[in-house]
1. Rg(Cα) of segment A:78-184 divided by 2.2 N^0.38 Å?
2. For A:Tyr269, A:Tyr65, what ranking results if the residue with the fewest other Cβ atoms within 10 Å of its Cβ goes first?
3. Using only Cα atoms, what Kirkwood radius does segment B:191-294 have, in angstroms?
4. Hey, what angle do you get for helix B:69-95 against the long axis of chain B, alpha-carbon based, 0 to 90 degrees rounded to 10?
5. Could you compute the net charge surrounding B:Ser165? Neighbours are other residues with a C-beta less than 13 Å from the C-beta of B:Ser165; K and R count +1, D and E count -1.
6. Go ahead and run the numbers for FRET between B:Lys289 and A:Glu238, Cβ-Cβ distance against an R0 of 45 Å, rounding to 0.05.
7. Against the globular-protein guess of 2.2 N^0.38 Å, express the Cα radius of gyration of segment B:1-129 as a ratio, rounded to two decimals.
8. Determine the gain in length on full extension of the stretch B:Arg202-B:Gln61; use 0.36 nm per residue of separation and subtract their C-alpha separation, reporting nm with one decimal.
Amino acid sequence: MKKYLSILMVAAMLIGTTACSSGTNASSQTPSSQAGSSEAASSAASSSEAGVTGSCTISGSSALYPLVKNALDAFKQTNPDASVTLNAGGSGTGLKQSADGTVDIGMSDVFADEKLTEDQAKTLVDHKVCVITMAPIVNADVAEKVTSLTTQQLIDIFTAKTKNWKEVGGPDEPITLVTRPSTSGTRSLFKSYALNGAEEASNKSLETDDSGTLLQTVSQHKGAIGYVALSYLIQPNENIKTMAIDGVEPTLENTYAGKYKVWGYEHMYTKGDAAGVAKALIDYMQSDEYGKIMEGLGYNVASKMTVERQDPGPKK
Amino acid sequence: MAKKETVWRGLIAACGLFLILLTVSIGVFLCYKGLGTFTLYKHSVWEFLFSSNWNPADDFQGGGQVGAAIFIVGSVSICLLALLIATPFSLAAAIFMAVISPRVSNRLLQPAVEIFVGIPSVVYGWVGLTVLVPLIQKIFNLQYGYSVLAGGIVLAVMIFPTITSVSADSIRNIPLQYQEAAYGLGSTRWQVIRRVLVPAARPGILTGVILGLARAFGEALAVAMVIGKMKAFPTGILSPTNNLTAAIASDMGGAADGGEYNIALWTMALLLLVISFAFILIVRKISSKGVRER
């Protein structure tokens, strides 16, 4: 008899879990079905304490992940009834999942049509939540002698034509290249705007999975050079120094002014127009109020840019 | 009573069938995804296996290069080095546990080996990264310590318990008469171990080695942390390289789903499955041979 009871209980649990999961599905669909009322709900969220209800799932770019995570802390306080699930996983995953409708927001470092088919990209709406500035970083021992590189020197270093720091006026040390995987958004930005499209010498460089590991690797190895977003450099680290390109320091101000060239948009894509919690969150991230916090975290506010960039379209 | 029996039998049979279905469907899924490199993007198997030009296009037009030879050579060389380091130690430990001092081994060595198995691979990788990599850099006075050697040592530590416990079991399973007969003929203990026990346990030891190799081949995290992931053939045991599992792990999130890059990664996953399948076949062949000899 006891055995039957335990089977029954297991069965009940199984039914319970399936019921729960279908429950969350239902709630994630409510925003779209209540599209009309969500307009009112989100404007309420940005102006008063009312807050939106419902749920929202986000996945994608690991470069944007820390910012959204930070924004969510404040967002959840004003919207206690909104439940948001946030995952990293890479820009490719985020774009694919938002096009599939598996997640409500897909975070990406690149424009959707660079990684999706034309038909998929058409269904997505782009929200540029911020601009990210990438800086070449070197181990502090190099920065004692070299603080700025020309674009040509940078290209020669990353294509492994220049192999020793003394060739560019630095100490007599071999150059250790530290890079990111070839599908990384950070890498493709750096390639396009710092290296003028030149392919990095993958067969001469150490590859690291994420910017945090890259930072650590550069700080631990003399003569190492790599690149990260400014958001990774807000914590002071005496073993790491940024490198100016053609005499222009990588700072938020220089990016705003259009003087510093290695930057890119961070996108949040929604399938169709954003609604419900997704819309409220994107509105909050684009608000002036959050813009101040954003700059403190090392990200540029998209609306303050004096220069603009167009979608380069699908890769050839 | 009879009814109860059918219910349980049905339940267990269903579980078994589900497991088989799961294995088969993973295989089918990997084939479906992985064969796209050859059918959809028109690359040759030859190019994939023997070319070292790895530059797949991250889009749907294709037209890149998908030579995975660097990753394959990287995987193989790191695993062979790991076996080279681990096998002598494991064999010695197995003989010690099974023959020389069963009592000490039951109390101390056996639990230690079992704990070894339970340590997550990220811990091995992390310890390797913080201790081994700087150490290798210092000892050999290198630019950096990421190397085949570091990967080999980390993997050797990871597969050591597998080889040891399988080998020890197979030595313990040798009928006692073998030993007694050998001692009766006046052999010393060393002669018994070398001439009787190890040869008789050879199929079991080989099984352990191959199971260890299979584990080493599939390990991603720990190795990825210490080999530097440089897309180049290793020039020696002190040079960095890349391997199949690390290459899949680092690019699977960023590559566009269904694009040439993504599909090429699936092909590498398929290759891993084929290799581990081959290992299992070899193990089965060896163990069936051992049974027949006896």
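Coordinate-derived values only; no laboratory data. All of these numbers come straight from a predicted model, not from anything done at the bench. When we count neighbours, we look across all protein chains shown, and the Cβ atoms used for this are built from the backbone with ideal geometry, even at glycine.
1. Details: Rg = 20.3 Å, N = 107, 2.2 N^0.38 = 13.0 Å.
That ratio works out to 1.56.
2. Numbers: A:Tyr269 27, A:Tyr65 19.
Lowest to highest Cβ neighbour count: A:Tyr65, A:Tyr269.
3. Values: mean 1/r = 0.0612 Å⁻¹.
Roughly 16.3 Å, rounded to one decimal.
4. Taking Cα atoms only, the helix is inclined about 10 degrees.
5. Values: positive: B:Arg172, B:Arg215; negative: B:Glu114, B:Asp169.
Every neighbour counted, the sum reads 0.
6. Working: r = 62 Å, r/R0 = 1.39.
With R0 = 45 Å, the Cβ-Cβ based efficiency is 0.10.
7. Values: Rg = 23.9 Å, N = 129, 2.2 N^0.38 = 13.9 Å.
In units of the 2.2 N^0.38 Å rule of thumb, it is 1.71.
8. On the way: separation 141, 0.36 × 141 = 50.76 nm, distance 5.18 nm.
Full extension of this stretch gives 45.6 nm more.
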